[in-house]
Amino acid sequence: MRRRALLAEALGSLLLFATVIGSGVMAERLAGGNVAIALLGNTLATGAILFVLITMFGPVSGAHLNPAVTLVMRLRGHLTTRMALSYVAAQLAGGVVGVWLAHAMFDVPMLELSTKMRGGAGQLIGEAVATFGLLLTILGTTQARPAAVPAGVALYITAAYWFTSSTSFANPAITVARSMSDTFAGIAPACVPAFVAAQIAGALAAHLVADAFFAHHAREGE
């Protein structure tokens, strides 16, 4: 079961990251310089694949595909520390391979670093908000209607691409992986630490807030 869960996290991250990078490349090439159209294409592909992956891999591993999600699930006692660290390693490894796969499909150099600077207080606040909302969506929907988690996450990220200033990375592993792609979805390596710190802050805030709203329901179900 442990091996299957780790393989699900790795393969799911591979497919998710390949979709984010690949759809970004495709959208930019077809948009003719219109950044809004390119972002829309990137958004729709990401939301769609999230629904598929969470539906498919949720029963196997929980379909975290995101170290911020894994961190909160560890804090809430759903994983051991060892398993959480293994999840994060699988997410990073699978995600990097996903970036390389996207590069191979679109004839982009396999090894490169992004030159796209993303920073400033506004974008960091955007990342904290994006991650906070993602985790709150997961925790709240899991309590209220577990079958709706795939749709809830997909719809939230679709919205967050547009209402957050950072376009909602909301995932430390994909932030690291996107620094290895000098494409539409890239982020310069120098910007990664601040983005990841903002994501972790947003995830921890959601963990605390969720207890205030959903802990009563969780106890009723025990």
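The values are calculated or read from the model by the stated rules, or taken from the named source; none is laboratory data. None of the values given here were measured: they were computed from a predicted structure. Reconstructed Cβ throughout: ideal geometry from the backbone, glycine too, with neighbour counts over all protein chains shown. Surface accessibility is based on the protein's heavy atoms, side chains included, excluding ligands, DNA and RNA. Shrake-Rupley method; radii C 1.70, N 1.55, O 1.52, S 1.80 Å.
Please state which of the following conditions Thr81 fails to meet, knowing it meets all the rest: (1) over 19 Å from the mean Cα position of the chain (by Cα); (2) open to solvent by 30 Å² or more (accessible area, probe 1.4 Å); (3) in contact (Cβ under 8 Å) with a residue 60 or more places away in the chain.
Result: Thr81 fails condition (3) only.
Collect the residues in the stretch 138-195 that are free of Cβ contacts under 8 Å to residues at least 24 places away in the same chain and over 14 Å from Gly119 (Cα atoms), keeping them in residue-number order.
Correct list: Thr141, Thr142, Arg145, Pro146, Ala147, Ala148, Gly152, Tyr156, Ala159, Phe163.
If I filter the stretch 33-43 for residues that are closer than 20 Å to Val149 by Cβ, at pLDDT 95 or above and in a helix (DSSP H, G or I), do I get at least one hit?
Within the stretch 33-43, one or more residues are closer than 20 Å to Val149 by Cβ, at pLDDT 95 or above and in a helix (DSSP H, G or I).
In contact with a Leu (Cβ under 6 Å, 6 or more places away or on another chain), in contact (Cβ under 8 Å) with a residue 60 or more places away in the chain and open to solvent by less than 30 Å² (accessible area, probe 1.4 Å), is that true of Gly58?
no
If Ala198 meets every condition in (1) in contact (Cβ under 8 Å) with a residue 40 or more places away in the chain; (2) under 19 Å from Val88 (Cβ atoms); (3) open to solvent by 70 Å² or more (accessible area, probe 1.4 Å) apart from one, which number is that one?
Status for Ala198: all satisfied but (3).
Given the structure, is Thr115 polar (S, T, N, Q) and over 21 Å from Ile157 (Cβ atoms)?
yes
Among the numbered criteria (1) open to solvent by less than 30 Å² (accessible area, probe 1.4 Å); (2) within 19 Å of Thr43 (Cβ to Cβ); (3) in contact with an Asp or Glu (Cβ under 8 Å, 6 or more places away or on another chain), which single criterion is violated by Ala160?
(3)
Taking Ala130 as the residue in question, decide whether it is farther than 20 Å from Cys191 by Cβ and either assigned to a helix (DSSP H, G or I) or modelled with pLDDT of 95 or more (or both).
For Ala130, the condition - farther than 20 Å from Cys191 by Cβ and either assigned to a helix (DSSP H, G or I) or modelled with pLDDT of 95 or more (or both) - is not met.
Scan the stretch 87-115 residue by residue and report those that are polar (S, T, N, Q), assigned to a loop (DSSP other than H, G, I, E, B) and crowded, with 17+ Cβ neighbours inside 10 Å. Break it down stepwise before answering.
The initial filter retains those residues of the stretch 87-115 that are polar (S, T, N, Q), namely 91, 114-115.
Keeping just the survivors that are assigned to a loop (DSSP other than H, G, I, E, B) gives 114-115.
Hit for the stretch 87-115 is Ser114, nothing else.
With respect to Arg118, determine if the residue is open to solvent by 60 Å² or more (accessible area, probe 1.4 Å) and charged (D, E, K, R).
no
Which one of these does Glu28 not meet: (1) in contact (Cβ under 8 Å) with a residue 60 or more places away in the chain; (2) in contact with a Pro (Cβ under 9 Å, 6 or more places away or on another chain); (3) surrounded by fewer than 22 Cβ atoms within 10 Å (Cβ to Cβ)?
Unmet condition: (2).
Please enumerate the residues belonging to the stretch 47-77 that are within 19 Å of Ala198 (Cβ to Cβ) and in a helix (DSSP H, G or I).
Pro67, Ala68, Val69, Thr70, Leu71, Val72, Leu75
Which condition breaks for Val20 when tested against (1) free of Cβ contacts under 8 Å to residues at least 60 places away in the same chain; (2) under 23 Å from Thr137 (Cβ atoms)?
(1)
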